[in-house]
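Asker: To start, I am sharing the structure in question, which I have written as structure tokens.
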Amino acid sequence: MVAQGNFEGQSVNRPPLLDGEDYPYWKTRMEYFLQGHDYQIWSIVEEGDLLVTNEKAQWTDDDRKKISLNCKAKGILCCALSKKEFNRVSACKSSMEMWEKLRITYEGTDKVKETRIDILVTQYERF
């Protein structure tokens, strides 16, 4: 009999955990989690922080909401990372920068992807 309990990924309230394994699976699940949690938070991760131009002493309620959403996006991403992965992105200033650093770490740049495809095509043709 399987023990009852909370397992990672079994809750709509807890983001999927990236532990360095199966990045494509985590990336897709994380996109869905963020979109389902608050689509504006997903937009922040994908497009960058919401901009606040006022000085801190002059923030309006709207400015505070933008700052809060920016912080929530970073916070959710941090909660979805193991210690090793968190250390990899902890110096990043925005959630978009964190997301991009993880993407490059696991998928590589466009040039790396093209090189991998070329290698696989060559191997296939040799086969």
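Asker: Can you give the helix-only mean residue ellipticity at 222 nm for the chain, where every DSSP H stretch with n ≥ 4 adds -39500 (n - 2.57) and the sum goes over all residues, rounded to the nearest 500 deg cm²/dmol?
Answerer: So the calculated ellipticity at 222 nm is -20000 deg cm²/dmol.
Asker: Just going by the charge dipole of segment 55-127, with Lys and Arg at +1 and Asp and Glu at -1 on Cβ, which of Leu81, Met98, Leu120 is farthest out on the positive end?
Answerer: Leu81
Asker: I've got another one for you. Residue by residue through segment 77-87, which ³J(HN,Hα) values in whole Hz follow from phi under the Karplus form 6.51 cos²θ - 1.76 cosθ + 1.60 (θ = phi - 60°), with glycine and proline marked x?
Answerer: In residue order, the calculated couplings are 4, 4, 5, 9, 10, 5, 4, 4, 5, 4, 4 Hz.
Asker: Taking the chain as a Gaussian network, where each spring joins two C-alpha atoms under 10 Å apart, which residue of Ala91, Ala80, Ala57 fluctuates the most?
Answerer: Evaluated over the chain, the most mobile residue of the options is Ala57.
Asker: Give the aspartates and glutamates reachable from Lys84 as a straight Cα distance under 18 Å; neighbours fewer than 8 places away on the same chain don't count.
Answerer: Output for Lys84: Glu8, Asp19, Glu21, Asp22, Glu97, Glu100, Glu107.
Asker: Can I ask one more? Could you tell me which of rounded, prolate or oblate describes the chain, using a ≥ b ≥ c as the square roots of the eigenvalues of the alpha-carbon gyration tensor, with rounded for a/c under 1.5 and, failing that, prolate when a/b is larger than b/c and oblate otherwise?
Answerer: oblate
Asker: Which of the pairs Lys72/Lys93; Lys66/Lys101; Lys74/Lys101 have their Cα atoms more than 18 Å apart in this structure?
Answerer: Table pairs above 18 Å Cα-Cα are Lys66/Lys101.
Asker: Still on this model: Using a Gaussian network model of the chain whose springs link C-alpha atoms within less than 10 Å, name the residue from Glu114, Glu46, Glu100 with the highest mean-square fluctuation.
Answerer: Maximum among the listed residues: Glu114.
Coordinate-derived values only; no laboratory data. In this text, all values refer to a predicted model and were calculated from it rather than measured experimentally. Neighbour counts run over all protein chains shown; Cβ positions are idealised from the backbone, glycine included.
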